[in-house]
Amino acid sequence: MTAAVGAEKRTFTQRMLDGVERVGNKVPHPVMIFLYLILLIIILSAVFAAFGVKVTYETAAPGPIAAEETYPGGTIEPSLEIPPEELYHPPVKTHTETTEIRSLLTADGIRFIFTSAVSNFTNFGVVGVILVAMIGVGLAERAGLIGALIRRLVAVAPPWSLTFIIVLVGILSSIASDAGYLVLIPLGAVAFMSVGRHPLAGLAAAFAAVGGTFMVNVLITPTDGIITEITNEAVALADPTKKIGLTANMLFAIGSTIFLAILITVVTEKMIEPRLGKFTGTVSNEPTDVPDANPAEGHADPAGQARGLRYALWGLLAVLALLLLLSVPPRPWGILRNPVTGSLVEDSPLMDSLIFIIMLVFLVCGLCYGAGAGTLRGSAAAMDAITKTYAGLGGLIFMLLVIAQFIAYFNYTNMATVAAVKMADALERASIGPLWLLIGFIVVVLLLDIIIPGVIPKWAIFAPIFVPLFLRLGVAPQTVLAAYRVADSPMNVVTPLMVYLPFIVLLAQKYKKGAGVGTVISLMIPYTIIIAVAWTLFFVAWYLLGIPLGPGAPVHLAS
């Protein structure tokens, strides 16, 4: 591959991307980046504390709640009766507060480093979210359910809607991203070639959908749980009384999914296919180390797949029936409703249990599919699938351990609060509107994604700084998170650090002899530019129209 690529005349874009690749290869592993950041925080905290850096600002906190003493049943011990509206919506009062930088090199700081390491990790909500969610998602993927669903959806798509179906399924595949990359992208190429269209166009459309829109879905994904918990950790820096739920961006995500599916379909059919022209080549039979579109693990014959999907549907209906039984009836029979207000959204057990529900849905459907398709034979096979899923999470768990320490140390020093207050004060003096700042934030994250393509590491760095900053400017945390969703994904399909890029290049070589990184990048650049610009404008329009980003999640903070 190297010789073939080197023989081609290098264009300016290819030379530029080669330079980015050389620089990107020198970027340390994300774990090392966070270790360096921890060291930097320790040093800066000592320096700023020595200079007495502090800020004074107005903050809001819940005020006292009026309660009445009662003696139920003639008891001698009083009970407090608190009106529900004050219990769930306590009065808030503002007061002046001064925050100083705390050094991690003092006696107290060093004691904190030594004594908090375990609690920092165990109290990091992200860890529990991913460990619980991946029980179901991992089993379903290893049983073959995700791959079978993708194949069935592509197979039944009529020719005129093939592009849209592949793109839409690619966006939805972020519920289990590996299945999208390893199954849908090869199938996209094969599906296009089967109807006489250029396979590289199908590859590009699927890759743009899977990678370029990774942060939106019509479903709640495990990634949503992780970034929501990180957001709430950052929100607590400015206002411990506030938090957002898993559905805080749901409406925006659904709207973005539909918008981006149409956009990528149009780009594919109006720009990418005309450039490629009619496919006149042949499929290479040379070994390329490309995994089969139907992975060995979870493989079943067509009859087994059909039976497995039928069983999975029955399992899904059973879980949905259980959820409806626990949610639809009014109080007190609606166990998953808010026990005081009866709401299904606001402070309800249903909303608080979404991660468990996601796990349950995928676990039941995965087990049912495995039983029907014969890919999971007995409880030992199911346990082995979950064990292998957890084994594959080792690197991520270690990275979360380091990130948890970084966030805890950052919080301890008060540097996030001081930085947010000073940046907000500077922005207010400069009269820069929140919308322009949000657009600037999107641009910064887009550029950073070239060297740090991971969703979680970037948000762990940005959230403690920008969420408190925007809160002071009256921008809701869910709005900042929506802006991050827009910025995080488009660069995924062009950065040389994308872990699946070598796989995509090898796949492209099956249809175009001598294809290399430049081939794939040149296909994907139009998607990146158009998605980034159009999606940003979509976000701006959503913001200006004031459409709620999710149930009970307005664009602006309530006054």
Q. Listed residues Thr241, Thr265; which is of a type in the set (Ser, Thr, Tyr), open to solvent by 30 Å² or more (accessible area, probe 1.4 Å) and either touching a residue at least 12 places away in the same chain (Cβ under 8 Å) or not in a helix (DSSP H, G or I) (or both)?
A. Thr241
Q) From Gly518, Gly474, Gly454, which residue is on the phi > 0 side of the Ramachandran plot and surrounded by fewer than 23 Cβ atoms within 10 Å (Cβ to Cβ)? A) Gly474
Q: Specify which of the listed residues (Val190, Val218) is farther than 20 Å from Tyr484 by Cα and open to solvent by 10 Å² or more (accessible area, probe 1.4 Å).
A: Val190
Q. Of all residues in region 534-559 being open to solvent by 50 Å² or more (accessible area, probe 1.4 Å) and either in contact with a strand residue (DSSP E or B) (Cβ under 9 Å, 6 or more places away or on another chain) or under 26 Å from Gly277 (Cβ atoms) (or both), which is modelled with the highest pLDDT?
A. His556
**Q.** Those residues of region 204-234 which are within 14 Å of Ala460 (Cβ to Cβ) and more than 13 Å from the chain's Cα centre (by Cα), in sequence order
**A.** Asn232, Glu233, Ala234
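Quick grid of which residues meet (1) closer than 23 Å to Pro468 by Cα; (2) buried (at least 19 other Cβ atoms within 10 Å of the Cβ):
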position	(1), (2)
Pro349	no, no
Ile355	no, yes
Phe362	no, yes
Ala373	no, yes
Ala382	no, yes
Lys388	no, no
Ile397	no, no
Ile407	yes, yes
Tyr412	yes, yes
Q) Are any residues in region 483-521 among the polar types (S, T, N, Q) and either outside any loop (DSSP other than H, G, I, E, B) or in contact with a Lys or Arg (Cβ under 7 Å, 6 or more places away or on another chain) (or both), and if so, which ones? A) Asn492, Gln509, Thr519
Q | Unique residue being under 25 Å from Val455 (Cβ atoms), modelled with pLDDT of 90 or more and of a type in the set (A, V, I, L, M) when the list is Ile258, Ile244 | A | Ile258
Q: Could you please give the count of residues in region 193-213 that are surrounded by fewer than 24 Cβ atoms within 10 Å (Cβ to Cβ) and assigned to a loop (DSSP other than H, G, I, E, B)?
A: 4
Q.
Cβ contacts < 6 Å: first residue over 16 Å from Thr417 (Cβ atoms), restricted to region 99-117; second residue assigned to a loop (DSSP other than H, G, I, E, B), any location; separation 6+ or different chain. Result?
A. Gly109/Ser103
Q. Looking at region 296-318, is at least one residue open to solvent by less than 20 Å² (accessible area, probe 1.4 Å), under 30 Å from Thr98 (Cβ atoms), modelled with pLDDT under 80 and in contact with a helix residue (DSSP H, G or I) (Cβ under 7 Å, 6 or more places away or on another chain)?
A. no
Q. How many residues does region 370-419 contain that are of a type in the set (A, V, I, L, M) and within 22 Å of the chain's Cα centre (by Cα)?
A. 13
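The values are calculated or read from the model by the stated rules, or taken from the named source; none is laboratory data. Being a predicted model, the structure only gives us computed values, none of them experimental. Don't worry about glycine lacking a Cβ; one is built from the backbone with ideal geometry, like all the others, and counts go over all protein chains shown. Heavy atoms of the whole protein, side chains included, go into the accessibility calculation; ligands, DNA and RNA do not. Shrake-Rupley method; radii C 1.70, N 1.55, O 1.52, S 1.80 Å.
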